[in-house]
Amino acid sequence: MFDSFARVTRSFPVIPIIAFAACSRATSTAPVPVQPVVMGDTAAIRTLVARLDLERYKATIKGLTQFGDRRQGTDRNRAAVDWIEQQLKSYGCTNTERITYDFQPAPPAPRPAGVRDSTLAQGGGRLRGIRNRTGVNNDSTKQPDPRLRALDTPQSVPGQRQEVYCTKVGATHPDEMYIGGGHMDGIGWGEAANDDGSGTALVMELARVFSSPDVVTDRSIRFILWNNEESGLNGAKAYVAQRQSLQGKGEPRWLGMIQHDMMLFDHGMPRPDHTMSPDQRPEADINIEFQDTSKMARQSQQLAWFFAKANEKFATDYPASVGQHMTNTDSDPFKDIVPSISLRENERGTQIGAGWDPQWHQPTDLYATYNDKDFRLGLNAAQTTLSAVAELVGARLGK
Ligand SMILES: [Zn+2]
């Protein structure tokens, strides 16, 4: 079992994704060879997936909410970065490092001239059906809990920022890595439990499982908790700016970037009277998106379908859907450089952008807002990424 696993994993996934890296949409019209998706040692991956646990995932989200909305440029944000680093170390992901950068907010961009098609969604999709208004709450009085209102009151100050990551170092190809991310900052005068405590906790849980001393991987995995996503993906942009050119010179070569942003709430389209179902919709799914206008579109699409396949095989409760409009999250700065995908509760442009998540950037984005069905959707996304990445890096159980 051990050997056959190693053979199968080496035969598949990393190689084809790298092999296409030189092709661009503009210069190549040859059809993309469809790789047979061969899954490796089911038993080993199932063992790793079983180490994810709903109560642990919930506890990590709850732990993040002790820092309120964790808004970038505040003491509560810095305290959250420290806490995340301590947690990573306690999981055995001890080689933590930080990216340091300066953040000065840009002046608001002027509205584009001309008449805009109001059915166009961000990222390229089309808005359909019943829509609710979206936006960022900036009104402190909308937070009825005085304790949380006080916690979220200090406002962002421009200046130095940090974000933390740790790395599972590969045993045979430490110089090649996948990057898994979620953003730890939030806004809206709530607890940023779903946006993006849910994605942050997911990445932290993956760091915990992969850092177990009996887990060996051929290739490396970096677990990054981005800062400054809500201000314009500035933490992810800082990482790309500082480290893209270091690949092969201290920075492992990037094989793919997998982002997790808003993992919990899939209650469907707003009703005709614009209220929302209090219950998760029976068809709840994980939305895996790539960006079809990016230079890495074909490779990213292949990665997305690979994740969907891993979901079918290893996720316990919820299916995955693949879409082509990845947008507005920390995978964006990577999308023309490496295969890049995002996992979410809904499609960002056509669904979240149409008001399918009434807690988004609102005071109601609280740990207490969600129930176990919601949290389990996030856990299934964790199962999906864990199993797919385990396959991609050649994970196995040693000792
Ligand atoms: Zn977010």
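Each reported figure results from applying straightforward, stated rules to the coordinates on display, with no laboratory input. Small disclaimer: the values here were computed from a predicted structure and weren't measured.
Backbone geometry of the range 90-97 corresponds, through the Karplus equation with coefficients 6.51, -1.76 and 1.60 at θ = phi - 60°, to 3J(HN,Hα) couplings of 5, 7, x, 8, 7, 8, 5, 9 Hz, x marking Gly and Pro.
Using θ = phi - 60° in the Karplus curve 6.51 cos²θ - 1.76 cosθ + 1.60, the 3J(HN,Hα) couplings for the range 62-76 round to 4, x, 5, 6, 5, 9, x, 7, 6, 4, 4, x, 10, 4, 5 Hz; x is entered for Gly and Pro. Can you tell me, using C-alpha contacts under 8 Å and at least 6 residues apart, the relative contact order of the chain as a whole percent? Reported relative contact order: 25 percent. Rounded is the label for the chain, because the ratio a/c of its alpha-carbon gyration tensor axes (a ≥ b ≥ c) stays below 1.5.
The length gained by stretching the chain between SER245 and THR275 to full extension, at 0.36 nm per residue less their Cα-Cα distance, is 5.9 nm.
Apply the a/c threshold of 1.5 to the C-alpha gyration tensor of the range 192-290 and tell me whether it is rounded, prolate or oblate.
prolate
For the range 292-383, averaging the sequence separation of C-alpha pairs within contact (under 8 Å, six or more residues apart) and dividing by the residue count gives a relative contact order of 34 percent.
Per residue, the chain reaches -9500 deg cm²/dmol at 222 nm when only DSSP H runs of four or more residues are counted, each adding -39500 (n - 2.57). For the range 390-398, putting each phi into the Karplus relation 6.51 cos²θ - 1.76 cosθ + 1.60 with θ = phi - 60° gives couplings of 4, 5, 5, 9, x, 6, 8, 9, x Hz, in residue order, rounded to whole numbers and with x for Gly and Pro.
Cut-off 10 angstrom, C-alpha nodes, Gaussian network model of the chain. Which of ARG56, ARG111, ARG70 fluctuates the most? Checking each option, the largest mean-square fluctuation is seen for ARG111.
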